[in-house]
Amino acid sequence: MKQLSVAFFVLLLIQNYGIFLYADPNDGFVTTKGMQLMLNGRPYHANGFNAYWMMYVAFDPSQRDKVSTAFQDAKKHGLTIARSWAFSDGGVRPLQSSPGSYNEQMFQGLDFVISEAKKYGIKIVLSLVNNYVDFGGKKQYVDWARGQGQSVTSDDDFFTNSVVKGYYKNNIKTILTRRNSLTGIAYKDDPTIMAWELMNEPRCPSDISGKTIQAWIAEMAPYLKSIDGKHLLEVGLEGFYGVSKQRSNPNTQVGTDFIANNQIPGIDFATVHAYPEQWLPGSSDESQLSFLNGWLNDHIQDAQNILHKPVLIAEFGKSLKLSGIAQRDQLFNTVYSTIYLNARGGGAAVGGLFWQLLAAGIDSFRDGYEVILSENSSTAILIAQESQKLSRI
């Protein structure tokens, strides 16, 4: 009975307050103006989600309904930005099977994802390569170069080896100039795409000064913009600080610098990820929430006062393998309240994307962080409320 009453409340919330302001991709490209994202001449604040699995699942036409269902559920709850992978390098179901060689069926899966986002009025952020070995990542690029006789010794050579960088630049060009087989629109001309992301969570532990990644971004950002000057670009950073603000990090040094990396010309907005349970293992929920409050507010203030750019909380979540629904909802509420209060006052926070939205029926992608809106009623309420509040700013 309790579950039924919660579900009924969600329906009432959506019916009574849910005339959400959906961003029609045909209306134009998302741009920036100072600390704001803009759409059609107005500040654009949006609630969103991660769904990295979409292209991989859409590879199989018989499973594409899962993608459609996810977008449909997202729209019902006012979600207007999705973030997903536009990479699968080597391995099973590759997009890029070897340098410069692409799998048309997988590309058609990505075509479908973008076309469905367009259908449901959802903007999409697409990441171009992974830091990790999942879906190939920088390790696959380095392995390809090693196979061609390059003297590479570390996965971090991804950021410095000229052959590897050539592979990556070619990948950028191939994806950006792809013409969607379903819409006929080249990716670089499609306003459904809100932004490109250079890399999912770039890290270079072999150079904790941040200079290696700084140089890589400074090379790749203008290259991408030379092909596509219409879309926004972000790095994919988790938010770890360099030496100047090292004390704000959760005992982590990954070779990035939130301030310097985001000051590079061509980087249009900053991103922050937040996983206090992973970063502070063994700590109490209270300690994690205290860290989270400081982490978010530090980055928002730095975006406003130093970067003068928008900041998107591009990943956050809490695993149900380690805690209960109530604890996860508390984390969601903390993130959402911080974003809304700042955005309402004209600050740099422009939205948040939880990890991860999942459609029912694809259990292999459950990781403890999944939110299936039809199953997680209390979380669904929080998501719909945040969407409604942001849409009214």
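Scanning for something closer than 29 Å to Lys33 by Cβ, at pLDDT 95 or above and not in a helix (DSSP H, G or I), does the stretch 326-346 turn up at least one residue?
Yes, the stretch 326-346 contains a residue that is closer than 29 Å to Lys33 by Cβ, at pLDDT 95 or above and not in a helix (DSSP H, G or I).
Collect the residues in the stretch 37-65 that are surrounded by 20 or more Cβ atoms within 10 Å (Cβ to Cβ) and in a strand (DSSP E or B), keeping them in residue-number order.
Leu37, Leu39, Ala46, Asn47, Gly48, Phe49, Asn50
Let me confirm something: among Pro222, Pro202, Pro250, which residue is modelled with pLDDT under 95 and either part of a loop (DSSP other than H, G, I, E, B) or under 18 Å from Ile172 (Cα atoms) (or both)?
Pro250
Could you tell me how many of the residues in the stretch 220-237 are at negative phi, touching a residue at least 12 places away in the same chain (Cβ under 8 Å), out of contact with any Lys or Arg (no Cβ under 8 Å at 6 or more places or on another chain) and not aliphatic (A, V, I, L, M)?
The total comes to 3.
Determine if the stretch 237-253 includes at least one residue that is under 18 Å from Arg83 (Cβ atoms) and of a type outside the set (Gly, Ala, Ser).
Taking the stretch 237-253 first, the residues under 18 Å from Arg83 (Cβ atoms) are 237-239.
Keeping just the survivors that are of a type outside the set (Gly, Ala, Ser) gives 237-238.
Yes, the stretch 237-253 contains at least one residue that is under 18 Å from Arg83 (Cβ atoms) and of a type outside the set (Gly, Ala, Ser).
Take Glu104 and decide whether it is free of Cβ contacts under 8 Å to residues at least 40 places away in the same chain and under 22 Å from Asp189 (Cα atoms).
On the way: free of Cβ contacts under 8 Å to residues at least 40 places away in the same chain: yes; under 22 Å from Asp189 (Cα atoms): yes.
When the stated conditions are applied, Glu104 passes them.
Do you know which residues across the stretch 253-302 are under 30 Å from Ser226 (Cβ atoms), of a type in the set (Asp, Glu) and either without any contact (Cβ under 8 Å) to a residue 12 or more places away in the chain or not in a helix (DSSP H, G or I) (or both)?
Asp257, Asp268, listed by residue number.
Regarding Asp134, is this residue modelled with pLDDT of 95 or more, surrounded by fewer than 21 Cβ atoms within 10 Å (Cβ to Cβ), out of contact with any Ser or Thr (no Cβ under 8 Å at 6 or more places or on another chain) and under 19 Å from Asn200 (Cβ atoms)?
Criteria met by Asp134.
Can you find a residue that is part of a helix (DSSP H, G or I), in contact with a helix residue (DSSP H, G or I) (Cβ under 7 Å, 6 or more places away or on another chain) and within 21 Å of Glu238 (Cβ to Cβ) anywhere in the stretch 115-138? Show your work before the answer.
Step one: filter the stretch 115-138 for residues part of a helix (DSSP H, G or I), giving 115-119, 137-138.
Going one step further and asking which of them are in contact with a helix residue (DSSP H, G or I) (Cβ under 7 Å, 6 or more places away or on another chain), we end up with 116-118, 138.
Retained after the next criterion (residues that are within 21 Å of Glu238 (Cβ to Cβ)): 138.
Yes, the conditions are met somewhere in the stretch 115-138.
Any residue in the stretch 173-186 that is in contact (Cβ under 8 Å) with a residue 40 or more places away in the chain sitting within a Cβ distance under 6 Å of a residue that is of a type in the set (S, T, N, Q) and assigned to a helix (DSSP H, G or I)? List the pairs, counting only those 6 or more apart or interchain.
Ser181/Gln108; Leu182/Ser115; Thr183/Ser115
The values are calculated or read from the model by the stated rules, or taken from the named source; none is laboratory data. Bear in mind that the values here come from a model prediction, so they are computed numbers and not experimental data. Using ideal geometry, Cβ is built from the backbone for each residue, glycine included, and neighbour counts are taken over all protein chains shown.
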